[in-house]
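Readers should treat all values here as calculations from the given coordinates under stated rules, not as data from a laboratory. Since we're looking at a predicted model, the values are computed, not measured. No Cβ is skipped: glycine too gets one built from the backbone with ideal geometry, and neighbour counts run over all protein chains shown.
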Amino acid sequence: MTSMPQQLLRRKPIPREGDETHGPKLSRSIGLFSLTMIGVGGTVGTGIFFILSEAVPTAGPAVIISFLIAGVVAGLTALCYAELAGSVPVSGSSYSYAYTTLGEMPAMGVAACLLLEYGVSTAAVAVGWSQYVNQLFHNLFGFELPAALSNAPEEGGIINLPAVILIALCALLLIRGTKESVITNTIMVVIKLVVLVFFAAIAFTGWNADHFANFAPFGFAGIMSGAGIIFFSFVGLDAVSTAGEEAKNPKRNLPLALIFALVIVTAIYVLVAMAGLGAQAPEQFKDQSAGLSAIIENLVGASWPGTLVAAGAVISIFSVTLVVLYGQTRILFAMSKDGMMPKVFQKVNPRTMTPIPNTIIVAIATGILAGVIPINFLAEMTSIGTLAAFIVVSLGVIILRRREPDLERGFKVPGGYVIPVLSILGCLWIITNLQLITIAVFAVWTALFLLYYFFYARKRSVLAQPGPNSQEVAS
């Protein structure tokens with residue numbers, strides 16, 4: 001009989017080349033370019049359109065260095081994701097990686113993190129989309145949606161209807177088929193990148209080198225604080241790893257897509273930051289609510305460039321919502337196949353090859369959150385969930401190298417254990433800057449989820465059942 005510690009730490013076998021995973025299968029229809037666009041689409045969202053008004057007052061013109069530092073910390077983790085994605089090419093992101101390296105109970109702890117990162121952020125991002133739609137309507141047509149239909153009850157409204165509509169549209173796309181969703185996301189990502197390059201091109205016409213004279217007014221501490229603020233604009237790169245079972249040639253394409261997405265995101269962020277600072281004095285960024293739109297409206301003296309950038313923000317957030325909703329459904333799909341979630345989450349429609357019931361359930365849950373609950377605090381919770389998942393991935397690289405040194409890897413992080421260790425330290429550093437209440441609530445949420453595992457999922461685990469999928473490895 002298996003002891004309790006063996007049950008809690010049993011590990012899922014690593015799929016080998018040509019192995020068939022148990023349970024329903026998804027269609028491998030996503031190529032390298034589309035995978036890269038998933039990473040960019042899940043990352044370039046509201047952050048870059050408004051982050052300068054928060055980061056510049058903290059770091060000054062040296063915010064450019066802050067962007068690079070945040071990109072390096074995110075990049076360290078992205079490299080670790082790339083190695084694991086090329087070694088364990090399955091759906092489920094860091095949940096699946098933890099299951100094969102740390103064991104079942106730690107994997108469920110990571111799953112709790114991912115439910116925050118993807119589920120809650122889907123709703124939070126949709127609420128942001130509602131605000132930008134209203135801004136765009138005001139600029140184009142001179143009217144806004146009634147407050148009762150664009151705010152949660154606690155904010156004086158009845159329901160945030162645009163947020164609910166956005167989630168419903170994204171769910172319909174995902175139900176229609178992964179290929180169609182990926183094509184739509186790719187188009188939207190290209191559009192928002194073009195809009196950001198357009199902003200930079202306009203902003204560079206007003207370049208003033210004097211804006212960089214007092215480069216680091218708040219010293220190294222200000223630069224690092226700015227990096228902490230900016231880091232969360234890089235969250236979303238890991239969405240690539242949720243597509244493990246739908247990627248073509250995953251051992252090659254998943255690592256490459258993660259690295260390409262990181263390079264594109266970092267380059268566009270630094271470009272926009274330099275252009276914005278060149279066009280506007282640092283002291284003008286404080287409390288500037290319209291972000292990039294305001295910068296070029298003030299520079300050009302007309303509203304049309306700002307309207308175009310606002311439209312880009314609307315498209316950008318649509319793309320982010322689509323990607324995070326997709327990621328959430330694929331994580332639940334992987335968990336259901338492992339017995340950690342009810343079987344309804346793994347039912348695949350034979351025509352569309354998508355998990356339709358799963359998508360509907362996630363859309364309803366996130367739609368309710370977005371429609372009736374102000375979720376500013378819950379949105380902050382996504383940050384610590386993401387960082388905890390990042391730490392597990394970096395640990396997974398170290399553990400898997402020691403445990404499976406001969407495993408075929410599509411990509412291997414250079415420098416031995418240096419990068420995984422630096423990634424862990426970087427994430428821990430950012431966690432120490434979070435509010436204590438955020439850390440406390442996260443701990444309670446994780447504990448509740450582990451209770452669900454202990455009393456429900458543990459006995460239903462595929463590894464606990466007799467048969468070919470019941471292989472258990474004691475740690």
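Distance from the Cα centroid of the stretch 203-269 to that of the stretch 349-367 is 31 Å (rounded to whole angstrom). Scanning the chain for GluC sites (Glu not before Pro) in DSSP loops with at most 15 neighbouring Cβ atoms within 10 Å leaves 145-407 as the longest stretch between them.
The count of lysine pairs in the chain that are at least 8 places apart or cross chains, and whose C-alpha atoms lie under 18 Å apart, stands at 14. Its Cα centre serving as origin, the chain has a Cβ charge dipole (Lys and Arg +1, Asp and Glu -1) of approximately 1600 debye.
Based on Cα contacts under 8 Å between residues 6+ apart, the chain shows a relative contact order of 34 percent.
Helix 161-176 and the longest principal axis of the C-alpha atoms of the chain enclose an angle of approximately 50°.
As a proxy for reagent exposure, F411, F141 were ordered by neighbouring Cβ count within 10 angstrom, fewest first; the result is F141, F411. Under a model in which nothing but the beta-carbon of Lys, Arg (+1) and Asp, Glu (-1) is charged, the stretch 207-359 shows a dipole of about 900 debye around its Cα centre. Overall, the stretch 346-443 carries a charge dipole of about 260 debye about its Cα centre when +1 sits on the Cβ of Lys and Arg and -1 on the Cβ of Asp and Glu, all other atoms neutral.
Listed by Cβ neighbour count within 10 Å, with the fewest neighbours leading, C113, C427 appear as C427, C113.
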